[in-house]
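All remarks here apply to the structure that follows.
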Amino acid sequence: MKQLELTRQRLMRDLNDMKVFTTTPGKGCTRLPFTCAAQDCSNALKRLMIQAGMEVCTDVAGNVFGRLPGHNRKLPCVMMGSHYDSVLHGGDYDGIAGILCAIEVARLLQENGEQLERDFVVAAFNDEEGMRFGTGYFGSGAMLGLRDVDYCHKYKDIDGISIYDAMRAVDLDPEHIDDARWPDRSISCFLELHIEQGPVLDRENVDLGLVDCIAGIKRYVIKVKGRADHAGTTPMDMRLDAVDAASKVISNIADWARESGEESVATVGLIKALPGGINIIAEECEFTVDIRSRKQEILDNISSKIIEAVKKETNIMGGQYEIEEKLDAHPVYLCKSLLDSMEVSCRNYGYSFKYMSSGAGHDALVIAPCIPTVMLFVPSVNGRSHCPVEFTDVEYFVKAVQIMRDLATSKLSERD
Ligand code: GLV
Ligand code: MN
Ligand code: MN
């Protein structure tokens with residue numbers, strides 16, 4: 001069988017096999033970190049890596065790494081990969097496709113007896129999405145030494161379970177989270193293949209996106225606190241209505257993003273009123289905010305406006321507030337020479353390509369400030385993602401694998 005056809009069949013099989021690792025079968029992929037579905041998925045990835053001839057290890061953060069030995073094992077490795085967790089009711093391609101394509105690159109290197117100068121590592125990161133704890137990039141952050149025990153205690157899911165306790169529930173020891181850190185200069189470059197999750201490549205019928213910038217992200221959980229009272233008897237001027245105050249802030253957030261331009265976006269994705277009754281004035285209104293922009297000053301500006309508005313509205317109401325920052329990731333620009341090299345490969349194969357920025361966050365967002373990093377996008381049909389209809393034709397993954405393999409074997413990936 002021709003190599004491209006073999007790659008196509010293996011990717012189709014692997015993408016399909018991973019679909020079972022969800023807690024919401026038939027209703028999209030739900031693979032939250034530190035759950036059985038996530039553990040089963042990471043075990044399946046381990047098996048694929050072993051079958052591909054890789055040395056496999058897992059770490060205390062729940063990451064899985066597969067390694068093909070290079071000629072000179074002392075040199076920093078070439079790393080490719082993405083994440084295996086998902087959002088609630090998400091799709092079957094976000095994250096996992098990047099890991100499976102990187103494993104396919106390893107298989108091709110093995111089958112062709114192509115030993116690289118340095119180790120080739122496939123990374124399957126845990127908890128990139130931040131779906132469960134509102135944070136994100138836990139696994140890749142731990143690899144870079146950016147997570148500690150306090151962090152694990154600090155962030156909690158909607159049921160009040162901390163990252164610390166969630167880890168212990170699946171036999172990972174948060175007291176040793178530092179062990180997940182890789183030594184400085186042990187990775188020479190990182191490539192993440194990902195579905196675009198937006199409409200551009202599909203609409204313009206372009207094969208591949210060369211990502212030169214990833215938008216920065218700020219995330220908050222905000223609690224506006226008032227007082228519970230009777231909805232029928234409490235006059236309007238005697239209420240401390242947390243929903244009334246919070247909604248005055250929330251209703252401005254999307255407009256502040258629109259006014260900022262530069263494709264900046266802001267989302268309130270979750271709103272909770274407590275105690276939550278039709279005839280009780282809410283004593284607390286909790287909401288999440290996720291702000292994204294390629295410009296740091298826009299991120300700072302929108303978040304200041306939100307914080308000021310929360311202060312003002314709670315003051316007018318006579319209540320209180322709490323603002324918890326969940327994530328503060330700066331916009332990053334990706335490695336020009338690695339992008340140039342991928343462009344040359346696209347031209348050689350006759351694949352159409354487009355330089356673009358990513359509005360979605362990725363492990364590459366936290367890795368890029370530390371390690372030369374690049375991203376490759378494949379089209380998402382109708383731009384749909386973070387929902388069950390997410391789809392990418394396997395032909396695009398086959399093309400991406402060719403580009404990834406070229407990069408793995410290029411001299412550029414061999415810089416220290
Ligand atoms: C992850 O996909 C994100 O961009 O939030
Ligand atoms: Mn993703
Ligand atoms: Mn995602």
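The values are calculated or read from the model by the stated rules, or taken from the named source; none is laboratory data. Values in this document were obtained by computation on a predicted structure and should not be read as measured data. Glycine gets a Cβ as well: all are built from the backbone with ideal geometry, and neighbour counts include every protein chain shown. Side chains included, ligands, DNA and RNA excluded: accessible areas come from the protein's heavy atoms. Shrake-Rupley method; radii C 1.70, N 1.55, O 1.52, S 1.80 Å.
With q set to 0.20, 0.22, 0.27 Å⁻¹, the log10 of I(q)/I(0) for segment 289-342, from the Debye formula over equal scatterers at the Cα positions, is -0.81, -0.89, -1.06.
Ranking Pro199, Leu108, Tyr137 by Cα position along the charge dipole of the chain, where only Lys, Arg, Asp and Glu carry charges on their C-beta atoms, puts Leu108 farthest toward the positive end. Past 26 Å, Cα to Cα: identify those pairs from Lys19/Lys336; Lys27/Lys326; Lys156/Lys272; Lys19/Lys354; Lys2/Lys27; Lys326/Lys354, in the order given. Checking Cα-Cα distances, Lys19/Lys336; Lys27/Lys326; Lys19/Lys354; Lys2/Lys27; Lys326/Lys354 exceed 26 Å. Averaged over residues, the count of other Cβ atoms within 10 Å places the peptides 30-37, 240-247, 113-120, 373-380 in the sequence 373-380, 240-247, 30-37, 113-120, highest first. Using C-alpha pairs below 8 Å separated by at least 6 residues, the relative contact order for the chain is 22 percent.
Taking only C-alpha pairs under 8 Å that are 6+ residues apart, what is the relative contact order of segment 345-416 in percent? This gives 24 percent for segment 345-416.
Please state the shape class of segment 134-282: rounded when a/c is under 1.5, otherwise prolate if a/b exceeds b/c and oblate if not, all from the C-alpha gyration tensor. It comes out oblate by the Cα gyration axes. With all protein chains present, how much of the accessible area of segment 1-86 (probe radius 1.4 Å) comes from carbon and sulfur, to the nearest whole percent? Looking at segment 1-86 in its full context, I get 54 percent from C and S. In the context of the full set of protein chains, the chain has a per residue accessible area of 43 Å² (1.4 Å probe). Using only DSSP helix segments of four residues or longer, with each worth -39500 (n - 2.57), what per-residue ellipticity at 222 nm results for the chain after dividing by its residue count and rounding to 500? The helix-only estimate for the chain comes to -11000 deg cm²/dmol at 222 nm.
What is the percent carbon and sulfur in the accessible area of segment 238-332, measuring with a 1.4 Å probe over the protein chains and ignoring ligands? Here carbon and sulfur together make up 49 percent of the probe-accessible area. If one puts a single equal scatterer on every Cα of the chain and applies the Debye formula without solvent, what log₁₀ I(q)/I(0) results at q = 0.07, 0.10, 0.12, 0.13 Å⁻¹? These q points yield log10 I(q)/I(0) values of -0.35, -0.69, -0.95, -1.10.
Rounded to two decimals, the Cα radius of gyration of segment 101-199 over 2.2 N^0.38 Å is 1.32. Site pair Glu111 and Lys411 shows an inter-label distance of 2.9 nm when each label is modelled 7 Å from Cα along Cα→Cβ. What a 1.4 Å probe finds exposed on segment 96-205 is 42% carbon and sulfur by accessible area, rounded to a whole percent. Computed from label points 7 Å out along Cα-Cβ, the spacing between Glu325 and Lys154 is 0.9 nm. Beyond 21 Å, how much of the Cα-Cα pair distribution for segment 77-150 remains, as a whole percent? The share of Cα pairs beyond 21 Å in segment 77-150 comes to 37 percent. Pairs of Cα atoms nearer than 8 Å and 6+ residues apart set the relative contact order; for segment 54-212 it is 29 percent.
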